[in-house]
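These notes are about the structure you will find just below.
Just so it is clear, none of the values below were taken in a lab; they were calculated from the coordinates. Because the structure is predicted, anything quoted here is derived from the model rather than measured. Heads up, the Cβs are rebuilt from the backbone with ideal geometry, glycines too, and the neighbour counts pull from every protein chain shown.
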């Protein structure tokens, strides 16, 4: 009987420990989010903008903006194949004004030529420019972005402070919150 009572005591203690650890993860994310939103995001100067066959260098942008950052850990060319998902974000920016849509790619060193080729392919007709951050300056200038890869998409206010975090093409709820913020 003592064996069974030991097991009976162990199960609730294990459940409590697991629940506590799960709670710590949520708390940790909450703290990261607070830290991320506490500082303005500064876009680097000298970005490369590709829009169809047009390539501009030395581009500088000002907030507010909705940024989607594809870092070198992602498959950049894979993401390029799905850029049509952001057409409505650009269309909304043009119709409503008030923010600039910035889709920025930091390609891995071996992917840079393939990314440029894919972006300037005449058969891909994006309704928006794509910005290249070849050297990873965005993340280097904004230390808070390295806290969590889930912070790679966000809307800022006019001073560059994030006011909404998340990729609005991945969630109907985020899309709704995004539209409330910009309308």
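Results, tabulated for the structure shown:
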| quantity | calculated |
| --- | --- |
| Computed E for residue 113/residue 57 - FRET, C-beta separation, R0 22 angstrom, nearest 0.05 | 0.85 |
| Shape call, region 91-181: gyration tensor on alpha carbons, a/c limit 1.5 | oblate |
| Protection proxy ranking, peptides 84-91, 148-155, 122-129, average beta carbon neighbours within 10 Å, highest first | 148-155, 84-91, 122-129 |
| R0 of 22 Å, Cβ-Cβ distance residue 78-residue 140: FRET efficiency to nearest 0.05 | 0.40 |
